[in-house]
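The values are calculated or read from the model by the stated rules, or taken from the named source; none is laboratory data. Everything quoted here is computed from the prediction, not taken from an experiment. When we count neighbours, we look across all protein chains shown, and the Cβ atoms used for this are built from the backbone with ideal geometry, even at glycine. For accessibility, only protein heavy atoms count, side chains too; no ligands or nucleic acids. Shrake-Rupley method; radii C 1.70, N 1.55, O 1.52, S 1.80 Å.
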Amino acid sequence: MKLRWRQAVYGYGFVGLWLVGFALFSLWPLVETLRYSLHAVTVTATGIALEFVGAANYARALAADPRFIELVISYTLETLVAVPVVLVFAITIALFLNLPLAGRGAFRTLFFLPVVITSGPVMRELVAQGATRLPGLAADPAWLAQLPGALQGAIAYLLEAFVLILWFSGVQILIYLASLQKIDRGLYEAAAIDGASAWEAFWKITLPALAAPTVVNAIYTIVTLSHFAENPVVRYIYERTYALQGGIGYASALAFVYFGVMALLLLLVALTLARWAQRGV
Amino acid sequence: MRKYLLGNRGRLGLLPHLALYAVLIAIGFVYLYPLLYMVVTSLKSPLDLLSPLVEWVPTELYWGNYARAVRVLGYGRALGASALMSIVPSLLQAAVTSLVGYGLARYRFRGRALVWLLILLTFIIPPQTTFIPLMLRYRELGLLGSPLALILPAALGQGYRSAIFVLIFYLAFRSLPQALEESARLDGASELRIFASIAIPSALAAYIVALVFSVVWYWNETFLTGIFLEGGAATLPLRLAQFAQAYERLYPPGVVNPFERLNEAVRMSGTMLNILPPLVMYFILQRWFVESLERTGVTGE
């Protein structure tokens, strides 16, 4: 009994500072933003003035702001396109780098490099120069116009920013690589003795081992893409915050709608992948 | 001979080797294409830019773009601001998140699961749902534009991506053997002393990993940095975001000769100057980056 109490005291002693920080810098602002989203907020000389407007900000965001809706839809589609691209690319590269090749350390350094330099303004410069397009690919292929409207935007984004999307795979490659290296070599030997081909071993041993890290990587990818400073929805919310019309109250509502959409996306992808992980491929 | 070319189970032959290298180099080229483009373009003279004959190899190495980009970015000051705004919060963040990681790894207490849930929450919530009240409060307190606006959250463990660092430290401390700590406890050492003199020295690798990741992530962060440092010293990426305006203030388009107008080469020089410091740091410390995740055991489980 006494031991349990001691454990709790020390445990909270170590975690305490963080909990205070959480209350001050995460929880309080989150609740406060939620409150703003239900008010018309005016910035005054001494602080802010709130006037309760109920769900008006949300109604405006969802029903009277076609620009925002358009941005959120394309964000959703782009994320759904980008996540599989990142995951498949990361798995492929990790499998390559797990082979007994001389100089794989150098390749590993190369494929991780973008993590170090990816910032919003750098990306903006590169995209503006057309340097993130797949080299050798036409800027606006004719077949693009044949696709249905919503998909067109997402595919155009994939083409225009292909390399940029790949640049978000650095951390994921390392996570896959670490999981690959933890697979027991003996499993492959046993499978070979039983007459399994390398191909079968890949599907029955390698891929199932990558199921759990895939869930982690998918969440990491979605969060990184959604928080990225160059994300159009993020930029729109930023602009709205400083806009005269609506201002802070409206931007707060936009932020929560965005959070909601992002949470749904996370839930959808995580649940789909987790089911796949449980079935063992 | 056949065995040598094609290899057998467990050993790759010459041909598969060559094929693998070809594929990896091709993918690597596509992957680094934007960087190569940046380096080459930044060294082109205005004449090379216009010439259809010059694509990958400039006729001369023209450093004039860099000279102008250094002026436009206010490089010295911006570099200082970036270094300050990435190193100081990172140090504090590493200190506090390691405390949390240790607490979670070493003590069992009610509410541990809840703490983990809150940590996950801080990872997921978009900064857009929290920055407005903080910005307003900072303005009231006169902290907007001061380095403290970024340092305070980090000092309380709420810095940029702190959840990942808690996880790194948790895994590092969990994998340490407890025997040494137990014997120190029997000798009457206090918990804080055990942490400081036994746990920290054995987990130095985790500290280095957390620091290097934190520094590059802070370096590249522009959303909160831009808002909280408004009116204060701008970091390099923030200066880059204002590059065109700053350029035209220094070299007004109507006044300077056509060759000194803003062009891709100058913009790419500015971008290059921006990524150069983290790039240098990466090449010096690269093993701490790429071996880190295996070392700390961050995987799916």
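General observations
- If the condition is being more than 7 Å from every other protein chain (Cβ to nearest Cβ) and hydroxyl-bearing (Ser, Thr, Tyr), then segment A:1-41 contributes only A:Ser37.
- Hits in segment A:219-252 (condition: of a type in the set (A, V, I, L, M), open to solvent by less than 10 Å² (accessible area, probe 1.4 Å) and either modelled with pLDDT under 90 or under 21 Å from B:Ser162 (Cβ atoms) (or both)): A:Ile222, A:Val223, A:Val234
- Residue match in segment B:163-184 (condition: at the interface with another protein chain (Cβ under 10 Å from one of its Cβ atoms) and closer than 30 Å to B:Ala78 by Cβ): yes
- Filtered residues of segment B:176-191 (kept if within 38 Å of the chain's Cα centre (by Cα) and open to solvent by 90 Å² or more (accessible area, probe 1.4 Å)): B:Pro177, B:Leu180
- Scanning segment B:235-252 for residues that are part of a loop (DSSP other than H, G, I, E, B) and either open to solvent by 60 Å² or more (accessible area, probe 1.4 Å) or at pLDDT 90 or above (or both) gives B:Thr235, B:Gln242.
- Highlighted here are the helices (runs of 4 or more DSSP H) found entirely within segment A:156-223 that include at least 2 residues which are under 30 Å from B:Ser214 (Cβ atoms) and facing chain B (nearest Cβ under 8 Å): A:162-166, A:170-182.
- Residue that is aromatic (Phe, Trp, Tyr), over 30 Å from B:Ala163 (Cβ atoms), over 20 Å from the mean Cα position of the chain (by Cα) and at pLDDT 85 or above, where the choices are B:Trp56, B:Trp63: B:Trp63
- Selection count, segment B:105-146, where residues are assigned to a loop (DSSP other than H, G, I, E, B) and either in contact with a helix residue (DSSP H, G or I) (Cβ under 6 Å, 6 or more places away or on another chain) or of a type in the set (Ser, Thr, Tyr) (or both): 8
- Among the residues of segment B:193-234, those that are of a type in the set (Val, Ile, Thr) and either open to solvent by 10 Å² or more (accessible area, probe 1.4 Å) or in contact (Cβ under 8 Å) with a residue 24 or more places away in the chain (or both) comprise B:Ile198, B:Ile200, B:Ile208, B:Val209, B:Val212, B:Val215, B:Val216, B:Thr222, B:Thr225, B:Ile227.
- Enumeration of residues in segment A:20-74 that are open to solvent by less than 30 Å² (accessible area, probe 1.4 Å), touching a Ser or Thr at 6+ places or on another chain (Cβ under 9 Å) and not in a helix (DSSP H, G or I): A:His39, A:Val41
- Among residues of segment B:144-154, those that are within 11 Å of another protein chain (Cβ to nearest Cβ) and open to solvent by 30 Å² or more (accessible area, probe 1.4 Å), counted: 1
- The one condition in (1) without any contact (Cβ under 8 Å) to a residue 24 or more places away in the chain; (2) more than 12 Å from chain B (Cβ to nearest Cβ); (3) not charged (D, E, K, R) that A:Thr44 fails to fulfil: (2)
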